[in-house]
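Notes follow the structure.
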Amino acid sequence: MSSISGKAEPGAPGAMARPETVVGFLDYLAAEKGYSPATLAAYGVDLDQFEIFLHGRGLSLGQPRQVTREHGRGFLAELHRRREAKTSMGRKLSALRGFFRYMLRRKLVAIDPLAGLKNPKTEKRQPKALNVDEAVALVTPSPGTPAADGSREACRDLALAELLYGSGLRVAEAVGLDLDDVSIAQGVARVYGKGGKERLAPLSDASRERLREYSLRRAEFAPDPREQAFFLGSRGGRLNRRQAARIVDALAREAGIAKHTHPHMLRHSFATHLLESGADMRSVQELLGHARLSTTQRYTHLELARIMQVYDKAHPRSDEASSTHTAPKKS
């Protein structure tokens, strides 16, 4: 368990065992809701931090009936004092709300102490995306770069990047693929998204070719015969998200892309480029595996900004364009 500041303190409350109520809640999320290991770990940290906060007041999530709304407000105030990001504060509240809803169903509390407690207001950040030229350069290695050396790693890296950009997968979805999930012949991948939701993701022609090349080289990673992971690390085990992030960043640097590029940026690029090419919002929503259309609609702001930029520079009735024209001389 970590301290509320995020640093372990020997002998402090952070060294205590997790309450059984919290363990039961996390087990429920894993078994019944199908939450990913990364999400479960984040929820665990959030609940641990609240437990430490409560411990300083002689309370515990092991006795959830003791917790009141004032404790929730005090926890938020403490996070604010420590300058925690508002998005992180919102996630922590979400974890706590889920915990107390679970306690309600188990009749371990009579009321939800966090009911009505609102998330801190945050500015909506628009997704960052590569432009088409940058995306193509990232998945098309230049001669002389490591990605073009024909090694097993280069083959894997390009297959992964092409899949992330060509199908818009989340990085966890990509590294979570098993051998049986990828059908190169049919041109689809069976993907398990958030909450264990299953969908079929189409594979682009370029992605199918890269995946075919990698599948022929996969055995060179010397995996255990029982290993079912499609993407493998150098030691033959399943590639993890951190390794995938390093791969994408390295490919971007080799392609001459100055900005830090991460796997989720390729997903954003996939969505943005589809919308720019005329794809309808509902189709993009299904391809991305978004539960709500409002999540997909964030991408329209990127397209609108591009359209407005073109308008401002080209339309004779716009202020910017008018200023570049010479006013007609008076006769």
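Just one residue in the set A110, A115, A42 is of a type in the set (A, V, I, L, M), assigned by TED's automatic domain parsing to the domain that holds A17 and at pLDDT below 95; that residue is A42.
Among the residues making up the stretch 181-197, a single one is without any contact (Cβ under 8 Å) to a residue 12 or more places away in the chain and hydroxyl-bearing (S, T, Y): S183.
Residues in the stretch 80-125 that are more than 22 Å from G62 (Cβ to Cβ), assigned to a helix (DSSP H, G or I) and more than 23 Å from the chain's Cα centre (by Cα): 2 in all. Restricting attention to the stretch 219-234, the residues that are without any contact (Cβ under 8 Å) to a residue 60 or more places away in the chain and in contact with a Phe, Trp or Tyr (Cβ under 8 Å, 6 or more places away or on another chain) total 1. When R199, R218 are checked against the criterion of being over 21 Å from the mean Cα position of the chain (by Cα) and surrounded by 15 or more Cβ atoms within 10 Å (Cβ to Cβ), R218 stands alone in meeting it.
Inspect all residues belonging to the stretch 126-136 and state whether any of them is modelled with pLDDT of 90 or more, outside any loop (DSSP other than H, G, I, E, B), among the charged types (D, E, K, R) and at negative phi. So far as the stretch 126-136 goes, yes, one or more of its residues are modelled with pLDDT of 90 or more, outside any loop (DSSP other than H, G, I, E, B), among the charged types (D, E, K, R) and at negative phi.
Would it be correct to say that S204 is within 22 Å of L287 (Cβ to Cβ) and exposed (fewer than 15 other Cβ atoms within 10 Å of the Cβ)? Considered against the rule, which asks whether it is within 22 Å of L287 (Cβ to Cβ) and exposed (fewer than 15 other Cβ atoms within 10 Å of the Cβ), S204 comes out as no.
Per the conditions (1) of a type in the set (A, V, I, L, M); (2) crowded, with 19+ Cβ neighbours inside 10 Å; (3) without any contact (Cβ under 8 Å) to a residue 60 or more places away in the chain; (4) touching a helix residue (DSSP H, G or I) at 6+ places or on another chain (Cβ under 8 Å), the sole criterion not satisfied by L177 is (4).
For the stretch 128-149, check the following and say yes or no: at least one residue is closer than 19 Å to Q285 by Cα, of a type in the set (V, I, T) and buried (at least 17 other Cβ atoms within 10 Å of the Cβ).
no
Whether a residue is aliphatic (A, V, I, L, M) and outside the structural domain of F53 (by TED's automatic domain parsing) was assessed, and A85 does not pass this test.
The values are calculated or read from the model by the stated rules, or taken from the named source; none is laboratory data. This structure is a prediction, so every number in the text was calculated from the model and none was measured. Using ideal geometry, Cβ is built from the backbone for each residue, glycine included, and neighbour counts are taken over all protein chains shown.
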